[in-house]
Amino acid sequence: MSGGYFSGQEAHGIYIADQIEEFLTYPSQEFSEEVLEIFRETAGVLRKGAEFARCVDYLLSSDYGEESFLEAISDFVQEEEQA
């Protein structure tokens, strides 16, 4: 499967999530725990959004049919719930 409808742009969400997580590991500034928790949540939302966008990309590029699309989304959600 190659996708291509979004020309790989969905990967930007993963890049930003990686950058946020790197900051959390090696902070260059100090923030309250409340702010850091929002950073963690933001990274998770970006990763989830990127995965959903990848699935949409595959559907729009005809790599997935509707059934495969729904299955991929369901599988991802189940994996997230188990993590």
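Since every read-out is calculated from the coordinates, none of them should be taken as a lab result. From a predicted model like this one, the values you see are computed outputs, not experimental measurements. When we count neighbours, we look across all protein chains shown, and the Cβ atoms used for this are built from the backbone with ideal geometry, even at glycine.
The residue list 11, 36, 26 was ranked by how far each Cα lies along the charge dipole of the chain toward its positive end, using unit charges on Cβ atoms, and 11 comes out on top. Rounded to the nearest 0.05, the FRET efficiency derived from the C-beta distance between residue 32 and residue 81 at R0 = 30 Å is 0.55.
In percent, rounded to a whole number, the relative contact order of segment 11-82 is 32, using alpha-carbon pairs under 8 Å and six or more apart. Here segment 11-82 is treated with +1 on each Lys and Arg Cβ and -1 on each Asp and Glu Cβ, and its dipole about the Cα centre works out to around 240 debye. For the residue pair residue 23 and residue 9, what label-to-label distance in nm results when each label sits 7 Å from Cα along the Cα-to-beta-carbon direction? Between residue 23 and residue 9, the label points sit 2.3 nm apart. When percent of Cα pairs over 22 Å apart is calculated for this entry, the matching label among [x] 62; [y] 18; [z] 36 is [z].
Rounded to the nearest 0.05, the FRET efficiency derived from the C-beta distance between residue 52 and residue 16 at R0 = 25 Å is 0.95.
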